[in-house]
Amino acid sequence: MTNVPARTLDFYDRHVVTLIVEKYNLAELDALQKFINSETYTMLRSPELDLYGVSPYFIFDMWEAEMISGDPRNSIYIRGN
């Protein structure tokens, strides 16, 4: 198992947290905490899933789906409809 590079995770941290802050008007630290404690983040860190090659908007949608439904797999990008 190869780890996802820290620079890659930092890229997503910055972009996804910005989207969370803008949409939900959370403090940046609160948004970061919610993101890194999510299943979405666990999935992003998994090299086997290869999610670190997708758009931050894809990851944000997964996170948002997880916050609403409890499962990031309910993202429109994963469901496909």
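The values are calculated or read from the model by the stated rules, or taken from the named source; none is laboratory data. What you see is a predicted model, and the numbers here were worked out from it, not measured in a lab. Every residue, glycine as well, gets a Cβ built from its backbone with ideal geometry; the counts of neighbours run over all protein chains shown. Areas reflect the complete protein model, heavy atoms only, side chains present, ligands, DNA and RNA absent. Shrake-Rupley method; radii C 1.70, N 1.55, O 1.52, S 1.80 Å.
Points worth noting:
- Among the residues making up the range 63-81, a single one is crowded, with 18+ Cβ neighbours inside 10 Å and polar (S, T, N, Q): SER75.
- Residue within the range 48-62 that is open to solvent by 70 Å² or more (accessible area, probe 1.4 Å), in contact with a Leu (Cβ under 8 Å, 6 or more places away or on another chain) and modelled with pLDDT under 95 present: yes
- Applying a threshold of 8 Å to beta carbon distances and a minimum spacing of six or more residues, or different chains, the list of pairs starting in the range 37-63 at a residue that is among the aliphatic types (A, V, I, L, M) and ending at one that is in a loop (DSSP other than H, G, I, E, B) reads MET43/LEU49; LEU44/VAL4; MET62/SER75.
- Count of residues meeting criterion [outside any helix (DSSP H, G or I) and under 11 Å from TRP63 (Cβ atoms)] in the range 14-48: 2
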